[in-house]
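Working notes, structure below.
Nothing in this text is a laboratory measurement; each read-out follows from the coordinates by a stated rule. Keep in mind that what you see is a predicted model, and the values were worked out from it rather than measured. Virtual Cβ from ideal backbone geometry, glycine too; neighbours counted across all protein chains shown.
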Amino acid sequence: MLFQSQGFILVFLPIAVAAYYAVAGAERARQWVLIAASLVFYGWWDARFIALLVGQVGGTWLLAYGHKQTGRAAFLYAGVALNLASLATFKYLDFLLASAEWLVDFALPRAHILLPIGISFFSFQLISYLVDRMRGDAPIYAFRPFALFVMLFPHLIAGPIVRHNELIPQFALDPRRDGLWRRLAVGLMLFTLGFAKKVLLADKLAEVVDPLFTGAAAHPLALADAWNAALAFAFQLFLDFSAYTEMAIGIALLFGLLLPENFRRPYLATDLRDFWRRWHISLSNFIRDYLYIPLGGSRAGPVRYVLATLGSMALCGLWHGAGWTYVAWGAWHGIGLVCCRTWQQLARPMPAALAWLLTMAFVLAGWVLFRAGDFTTAASMLASLVGLNGPGGEFRGAGLIVVSALVSALIPSAHEIKDGLQWPRPALAAAAAMLAAYCVLEVGRGPPLSFIYFRF
Amino acid sequence: MDAMTQREQVTDAAPEAAWRGFVARFVAIFVGALALALALIVLIDPYDSGRFPSLGLAGIADDTQRTANVSLGRSGKFDAAIFGNSHGQLLDPERLSQATGLSFVQLAIPGANAPEQMAMIHWFVRHHARIGAIVLAADDRWCSADPQPWKWFPFWLYGDSDIQYLRTAFSARTLEAAARRIKHVFGLVHPSDPRGYDDYERGLPPNYRFVPPPVAERQDALAFPVLLDGRSFPAIDRLAEQLADLPARVPVAILFPPRYVSDLPVDPDVQAVLAECKSRLARLTVQSPRGGFLDYLVASPMTRDPGNFEDAEHYRAPVARTLERAIAEVLRGQGAESRVR
């Protein structure tokens, strides 16, 4: 079930909200309502994967409980291994086999396992909990709130990646507490904003992007086509993912819960470190806390810093997809971050406009690698971008790209909107409601398009 | 309380009642706008589906046969219909009506595979208690061992479920169709052809002449040669079931329209499967009192003359007139046996 589908908006969400507030006074009951809704939501894609989700959550909780009872860290290591094994099996097995095949130079069989949607997100949340327990930063929760922390449907499929101590304490709060109507209003506004960005911009950009990248796999693109593809994809990716995040935060607010921030206008960043403080913030924080710092971070000498940065960013790339192009994209950003820090240590700041231009060019080149299906296509696209495959081509959807750029640059982050919306203007409610209704009808034109980050 | 929940406690200048009003207004307008859209879709009935009580607007203005056929296919003005795809599109329902005394409608849909044509036949049969004749311009798509539905065909418009119709019709696209129907009422757009006829030769240059491809470039151009396994023809089986539900007196004519000779199969295996497929379709017309099977998809003077074609698979008007005469003869009972031209 997709957030922007008519079934979700007109049937599932109203029923879930109504059921939740019908039992709002009883903490356990409302948590069970959310768990049930989350299982229905997840099972809508493929009911078989409910067993995997419940098994991974239950197994992790049991191992954490075993650790509490015995004090033996082996339980926690087993939990981390369990989650990594699940990821390795369901997401990376064919990738590992293909890579091994390349090394040994003979054919290996393939598993062809269907990727369970959202597995990267919920596996990482479970691992973060176990690591926090190793560090003594995480208590043992009752199974119900623990399961809900992982399964909560607004963030289950594509984040934001939430830490246990950000969410579980909120489950105890009565959703009818002070500020109920403001939370509902802000939730509706954020949901509508994300809905419109997804349906009216990101999905329209996909119509420009997809044929161009498909074409690039078959033959080199001309200069204008390559820029068309790269720019349209850069905005499609941001608008699609930030739309999902805004809808997720909006839905969570309808249940009285607050999810963390994920984007802060990343295309305004003037250096790469700034970019990663604005782009997919919950993942950046996760990578920083659970990979980069444990690998040595920046306080264990320059060599450790470079290795930690490259290693954690390459793994960040691999998290996005089971392919070497994703690893290369992560490593590309790792190299960029090292260069950026080195330059900043020279204390010779460059003009802001030039810094922004360089940052965006770097990010754009990375997106080409991210979107292209293989290195040959990526290299061809990058060559086209600098004119090596000849001039010409046609720039389609220029107006749409300009609007997308303005929306990307001007619309504040979800939390900024939440905090900034201080006065309930009736005209705003009317305009948002009309926009939401229009989007419901617009999405009815055909099967709704999935969010890009659902595949990760 | 941790940092996340503390951040929730922002200073709130507006009273709770004002926010409640905001939410109420949002929900009321959202629900009201969607209810209005649903009411318009039901009352205007953009495709003239006749599924629900409506304003009863007359006529449609729809150039796309995929959707225009909803109205044409259920219209009581017709008692006979032509089905197929672009290979049957040039058969003129007006001429066939004059030649047979029946009232024909053209329901061929360019690009349609067998499942879409079956949906059309089902829709027409469902809405007509008395049927004068059924004409099917078949092609090799009926011979596929795995007939695939066309991804973009609106099966929901022709299905039996009114709920499915309403669920899928709830869209901006349907509202655009509703607006077009309103414009049609006020004479602001051209109405659809009253019999669904769409002459693909319109706009062809007067001196146009089809230049056949060089022999070296000719291919086995049949639509699904790889899917012909010679054993099963599931689309024909379903057609047989549909025709079996008709009263025995309903005449059924099935023809294979001609293609330029370069399009005819050369692989003996494909030829054998095509022959078996034709034979199976011909058998469907046997029980029909004034039915018949007409096979023009053979090497003949007609298919060897490039002047008879607009391109390798679409014949021109003089051929269409020949086919219409042959169909009329069959339906008049002047040639009930299967014929090869």
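Whole-Hz Karplus ³J(HN,Hα) for the range A:107-118, in order, using 6.51 cos²θ - 1.76 cosθ + 1.60 and θ = phi - 60°, x for Gly and Pro?
5, 10, x, 10, 8, 6, 7, 5, 6, x, 4, x
How well do other chains shield peptide B:27-39, expressed as the mean number of their Cβ atoms within 10 Å of each residue Cβ?
5
Gap in Å between the Cα centre of the range A:225-264 and the Cα centre of the range A:117-157?
When both Cα centres are located, 22 Å separates them.
Given the options B:Leu274, B:Leu90, B:Leu188, state which has the largest fluctuation in a GNM of chain B using a 10 Å cut-off (strictly under) for Cα springs.
Between B:Leu274, B:Leu90, B:Leu188, it is B:Leu188 that shows the largest mean-square fluctuation.
Ranked highest first by average number of other Cβ atoms within 10 Å, how do B:267-273, A:33-39, A:113-119 line up?
Ranking, from highest mean packing down: A:33-39, A:113-119, B:267-273.
Between the alpha-carbon centers of the range A:1-47 and the range A:394-427, tell me the distance in whole angstrom.
Each part's Cα centre sits 28 Å from the other's.
Choose one of A:Gly373, A:Thr245, B:Gly73: the residue whose Cα lies farthest towards the positive end of the charge dipole of the protein assembly as shown (beta-carbon charges +1 Lys, Arg; -1 Asp, Glu; about the Cα centre).
It is A:Thr245.
Given H placed 1.01 Å from N in the peptide plane, which residues other than close sequence neighbours of B:Val105 have an amide H under 5 Å from its amide H?
Amide H neighbours of B:Val105: B:Ala80, B:Ala81, B:Ile82.
How do A:Thr325, A:Thr245, B:Thr303 line up, fewest other C-beta atoms within 10 Å first?
Placing the least packed residue first, the sequence is A:Thr325, B:Thr303, A:Thr245.
What order, most packed first, do the peptides B:248-259, A:309-320 have when packing is the mean number of other Cβ atoms within 10 Å of each residue?
Ranked from most to least packed, the peptides come out as B:248-259, A:309-320.
Taking amide H positions as placed in the peptide plane 1.01 Å from N, state which residues far from B:Leu294 in sequence (5 or more) or on other chains have amide H under 5 Å from it.
Here B:Ile254, B:Leu255, B:Phe256, B:Arg339 satisfy the definition.
Report, by chain and number, residues whose modeled amide H sits under 5 Å from the one on A:Leu388, excluding near sequence neighbours (fewer than 5 apart, same chain).
Correct list: empty.
Could you tell me the center-to-center distance, by alpha carbons, between the range A:66-91 and the range B:41-85 in angstrom?
If we compute the Cα centre of each part, the gap is 62 Å.
Among the DSSP beta bridges whose two residues both lie in the protein assembly as shown, what percent are antiparallel, rounded to the nearest 5?
Counting DSSP beta bridges with both partners in the protein assembly as shown, the antiparallel share is about 10 percent.
So for each of B:23-32, A:144-153 I average, over its residues, the number of other beta carbons within 10 Å; can you give me the resulting order with the highest mean first?
Final packing ranking: A:144-153, B:23-32.
At a 4.7 angstrom Cβ threshold, list every cysteine in the protein assembly as shown that has nobody to pair with, or say none.
Here A:Cys316, A:Cys339, A:Cys340, A:Cys439 come out as lacking a disulfide-compatible partner, given the Cβ-Cβ threshold of under 4.7 Å.
Count, for each residue of A:257-264, the Cβ atoms from other chains sitting within 10 Å of its Cβ, then give me the mean as a whole number.
2
Is there a simple number for the mean count of other chain Cβ atoms within 10 Å of the Cβ of residues in A:431-443, and what is it?
5
Of all beta bridges DSSP finds with both residues in chain B, what is the antiparallel percent, to the nearest 5?
Close to 10 percent.
For the charge dipole of the range A:172-228, defined by +1 on Lys and Arg C-beta atoms and -1 on Asp and Glu C-beta atoms about the Cα centroid, which residue among A:Ala185, A:Val208, A:Ala218 has the Cα displaced farthest towards the positive pole?
Checked the options; the winner is A:Ala185.
Fewest first, what order do B:Glu94, A:Glu442, A:Glu394 take by the number of other Cβ atoms within 10 Å?
Exposure proxy ranking, most exposed first: A:Glu394, B:Glu94, A:Glu442.
Through the Karplus equation 6.51 cos²θ - 1.76 cosθ + 1.60, θ set to phi - 60°, convert the phi angles of the range A:22-27 into ³J(HN,Hα) values in whole Hz; use x for Gly and Pro.
Values, residue by residue: 5, 10, 4, x, 10, 4 Hz.
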